[in-house]
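Trainee: To start, I am sharing the structure in question, which I have written as structure tokens.
The values are calculated or read from the model by the stated rules, or taken from the named source; none is laboratory data. The structure displayed is predicted, hence computed values, not measured ones. Neighbour counts are summed over all protein chains in view; Cβ atoms, including those assigned to glycine, are modelled from backbone coordinates with ideal geometry. Ligands, DNA and RNA are stripped out before the accessible areas are found, and what is left, the full protein with its side chains, is counted by its heavy atoms. Shrake-Rupley method; radii C 1.70, N 1.55, O 1.52, S 1.80 Å.
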Amino acid sequence: DTERRPVVALAPGAVGPSKRWPGASFAALARRLLSHGFAVWVLGGPDEKALAAAVVGDTDARDLTGNDLRDAILALASAAVAVSNDSGLLHVASALGTPSIGIFGPTSPWHWAPLGELAATLQAEIDLPCRPCHQPVCRLGHHRCMLEIATDDVFAATRRAIEAVASA
């Protein structure tokens, strides 16, 4: 029964392509979460419908993207955890008290991490002299700050967040 499974809300959108963890990575994360008994909801605005469709694919994840921000807020408030790029929905989830995993690439988690007590940040574990650049498009064209964040790491952080809440 999907309604009784813990929900992980994924917010794959962001302003500019360099702030987005790849859609294929979000799709791999969604499949992994589903295979481990979680329900997955994909959130975002109407411009993120195609991205959400790519993340959902042929799985039973739910595309909840749309025009009404209130729907995303309600979904984030209902989720066990939110996984998001550095975007507005990450900060909304954190403000709601939803455990939040922020994926950071060109922006600095030191400056922009969600402020919630139940928040964590992830970034590529590589030394990149161009980071943080805070640019919406990678000026070097390699996008390594996001491409080199492993799905395994995001999955593990998500599991830790859910387990921390369950044991509290």
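Trainee: I'd like the residue in the stretch 110-120 that is open to solvent by 100 Å² or more (accessible area, probe 1.4 Å) and over 14 Å from Ala14 (Cβ atoms) and, out of all such residues, is modelled with the highest pLDDT.
Mentor: Top of the filtered list is Trp110.
Here is a yes/no grid of residues against (1) of a type outside the set (S, T, N, Q); (2) open to solvent by 10 Å² or more (accessible area, probe 1.4 Å); (3) in contact (Cβ under 8 Å) with a residue 60 or more places away in the chain:
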site: Val7; (1), (2), (3): yes, yes, yes
site: Leu10; (1), (2), (3): yes, no, yes
site: Lys19; (1), (2), (3): yes, yes, yes
site: Leu29; (1), (2), (3): yes, no, yes
site: Leu43; (1), (2), (3): yes, no, no
site: Asp58; (1), (2), (3): yes, yes, no
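Trainee: Just checking, which of Arg62, Arg159, Arg144 is out of contact with any Ser or Thr (no Cβ under 9 Å at 6 or more places or on another chain), surrounded by 13 or more Cβ atoms within 10 Å (Cβ to Cβ), under 18 Å from Trp41 (Cβ atoms) and of a type in the set (D, E, K, R)?
Mentor: Residue meeting the stated conditions: Arg159.
Trainee: Exactly one condition in (1) among the polar types (S, T, N, Q); (2) open to solvent by less than 20 Å² (accessible area, probe 1.4 Å); (3) touching a Ser or Thr at 6+ places or on another chain (Cβ under 8 Å) is not met by Thr107; state its number.
Mentor: Every condition holds for Thr107 apart from (3).
Trainee: Let me ask another. Sort through Ala150, Ala156, Ala95, Ala161 and tell me the only one that's modelled with pLDDT of 85 or more, among the aliphatic types (A, V, I, L, M) and touching a Pro at 6+ places or on another chain (Cβ under 6 Å).
Mentor: Only one candidate passes the filter, namely Ala161.
Trainee: Among Asp71, Asp47, which is in contact with a Leu (Cβ under 9 Å, 6 or more places away or on another chain), open to solvent by 20 Å² or more (accessible area, probe 1.4 Å), free of Cβ contacts under 8 Å to residues at least 60 places away in the same chain and farther than 24 Å from Ala150 by Cβ?
Mentor: Asp71
Trainee: Next question. Look at Asn85 and say whether it is open to solvent by less than 80 Å² (accessible area, probe 1.4 Å), modelled with pLDDT of 90 or more and not aromatic (Phe, Trp, Tyr).
Mentor: yes
Trainee: Residues of the stretch 55-69 being at pLDDT 95 or above and over 13 Å from the mean Cα position of the chain (by Cα), which ones?
Mentor: Selection gives Val56, Gly57, Asp58, Thr59, Asp60, Ala61, Arg62, Asp63, Leu64, Thr65.
Trainee: Taking Pro136 as the residue in question, decide whether it is at negative phi, touching a residue at least 12 places away in the same chain (Cβ under 8 Å), surrounded by fewer than 16 Cβ atoms within 10 Å (Cβ to Cβ) and not aromatic (Phe, Trp, Tyr).
Mentor: So Pro136 passes the test.
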